[in-house]
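J.: Let me begin by handing over the structure; questions about it come next.
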Amino acid sequence: MHLTEINGLPCYRSSLLALFPEVAHGFFTRLGGGSRGPYESLNLSFTVGDLPEQVAANRRRVQEALGLETLAGALQVHGRREAVIPHLPANPGLEVPEVDILITRQPRVGLLIKQADCQAVMLYDPRRRVAANVHCGWRGNVQNVLGEAVQALRERCRCRAEDLYAVIGPGLGPCCAEFRHFREEFPPGLWTYQARPAYFDLWRLSRKQLEGAGVPPSHIEVAGLCTRCHPHIFFSYRRDKITGRQGAVIALK
Ligand SMILES: [Zn+2]
C-alpha cells in the first residue's frame, strides 16, 4: 500500500485491488479537504461536530476524484448487520442506518466507511463482480464482523470465500492499541493477539478472522499503517478525541 493521489486527492491505494481495473478504490486520509480546526481537512463524518455543508463538499470531492455517481455511507454502530446498496440518486448525505457492512453490485456506487482508528476492510469478488466495505473496530473483531461479511456475501450474492480479495486499511496498530480492561472487553480466545501485555495486534486478528472465514491468505493485504502514530496524515480518536473521520471507498467502475 502506498500514498498517491487520485485526481489530485491524496489517498492510499492497495496493490492487490489495483490488479482489478474494474474496481475504483481509495483509502483517504485527512489531507485534501476544506474542513477547519480539529476536522482539518477531509472530514467525511456528519456526526462529529463539523459543518454539514463542509462535510458534504468533502464527500463530493471524494466522489468526483473516483468518478462515481453516488457515495453510500452508513450510520455505523459497531455491529454486524449488512445492507446491499442498489442504484441510488446522488446525495452527499446518504447514510444507511445501523449497518457496518456495505455491499454492492451496482457500478459507480461508492461504498464509504468512515473511521478514526477503526479499520475499513474492503472485499472484492472478481468472479461475481461484488464489492463490499466493512467497518471493523475492536468491537467488530469481538463480534467477528469480518466473518459475518463473508457469510453475507455468500448468502446474498452467491460469492465463494476462496474467490474473495480483502484489504485491511489503516487503523490502530499494535504500537497503540492498548486495552487496560481487555479481560472484560475481549473473550479469552482473543487474548493471544496481544503483541505485548495489554496491547493488541488488531491487524493480525482481522487477517486471521478473514482466513477463518475462508479467504485465502494470499488474497489478503494489510496496510500496516497506524492512525494514532501519524497525526499529519490520519484522524485518530484515541489521540485527539474531538476529531474528524477519514473515509475508505470501494466501487465498481
Ligand atoms: Zn501507533
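Residues are listed down the side, and each one gets a yes or a no for (1) in a loop (DSSP other than H, G, I, E, B); (2) over 17 Å from the mean Cα position of the chain (by Cα); (3) farther than 25 Å from Gly147 by Cβ:
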| position | (1), (2), (3) |
| --- | --- |
| Pro21 | yes, yes, yes |
| Ala24 | no, no, yes |
| Ser45 | yes, no, yes |
| Val55 | no, yes, yes |
| Gly79 | yes, no, no |
| Pro89 | yes, yes, yes |
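J.: Does region 165-221 hold any residues that are among the β-branched types (Val, Ile, Thr), open to solvent by less than 50 Å² (accessible area, probe 1.4 Å) and either assigned to a strand (DSSP E or B) or without any contact (Cβ under 8 Å) to a residue 12 or more places away in the chain (or both), and which are they?
T.: Residues satisfying the conditions are Val167, Ile168, Ile220.
J.: State which residue pairs qualify: first residue closer than 22 Å to Asp125 by Cβ and at pLDDT below 95 and inside region 1-22, second residue open to solvent by less than 30 Å² (accessible area, probe 1.4 Å) and hydroxyl-bearing (Ser, Thr, Tyr) in any location, beta carbons under 9 Å apart, and separation of 6 or more residues or different chains.
T.: Met1/Tyr12; Met1/Ser14
J.: Restricted to region 148-164, and to residues that are among the hydrophobic types (A, V, I, L, M, F, W, C) and either at pLDDT below 95 or under 26 Å from Leu225 (Cα atoms) (or both), which residue is surrounded by the most Cβ atoms within 10 Å (Cβ to Cβ)?
T.: Ala149
J.: Pull out all pairs, ordered by first then second residue, where Cβ-Cβ is under 9 Å, the residues are six or more apart or on different chains, the first lies in region 84-101 and is open to solvent by less than 60 Å² (accessible area, probe 1.4 Å), and the second is among the aromatic types (Phe, Trp, Tyr).
T.: Gly93/Phe46; Glu95/Phe46
J.: List the number of the failed condition for Ala65; all other conditions in (1) in contact with a Phe, Trp or Tyr (Cβ under 6 Å, 6 or more places away or on another chain); (2) among the aliphatic types (A, V, I, L, M); (3) in contact (Cβ under 8 Å) with a residue 40 or more places away in the chain; (4) outside any strand (DSSP E or B) hold.
T.: Failed condition: (1).
J.: Still on this structure: Go through region 222-240 and report how many residues are open to solvent by 20 Å² or more (accessible area, probe 1.4 Å) and within 11 Å of the ligand (Cβ to nearest atom).
T.: Of the residues in region 222-240, 8 are open to solvent by 20 Å² or more (accessible area, probe 1.4 Å) and within 11 Å of the ligand (Cβ to nearest atom).
J.: Determine which single condition Asp117 fails, assuming it passes every other condition in (1) open to solvent by 10 Å² or more (accessible area, probe 1.4 Å); (2) touching a Leu at 6+ places or on another chain (Cβ under 7 Å); (3) more than 16 Å from the ligand (Cβ to nearest atom); (4) not aromatic (Phe, Trp, Tyr).
T.: (3)
J.: Looking at region 225-238, can you tell me whether even one residue there is free of Cβ contacts under 8 Å to residues at least 40 places away in the same chain and among the small types (Gly, Ala, Ser)?
T.: No: region 225-238 contains no residue that is free of Cβ contacts under 8 Å to residues at least 40 places away in the same chain and among the small types (Gly, Ala, Ser).
J.: If Gly169 satisfies every condition in (1) more than 16 Å from the ligand (Cβ to nearest atom); (2) within 17 Å of His219 (Cβ to Cβ); (3) of a type in the set (Gly, Ala, Ser) but one, which is the exception?
T.: For Gly169, the exception is condition (1).
J.: Quick one: in region 22-52, which of the residues that are β-branched (Val, Ile, Thr) and over 15 Å from Gly169 (Cβ atoms) is surrounded by the fewest Cβ atoms within 10 Å (Cβ to Cβ)?
T.: Thr47
The values are calculated or read from the model by the stated rules, or taken from the named source; none is laboratory data. Predicted model, so just to flag it, every value in this text is computed and none were measured. With ideal geometry, Cβ positions are generated from the backbone for all residues, glycine too; neighbour counts draw on all protein chains shown. Quick note on the areas: whole protein, heavy atoms, side chains included, nothing else; ligands and nucleic acids left out. Shrake-Rupley method; radii C 1.70, N 1.55, O 1.52, S 1.80 Å.
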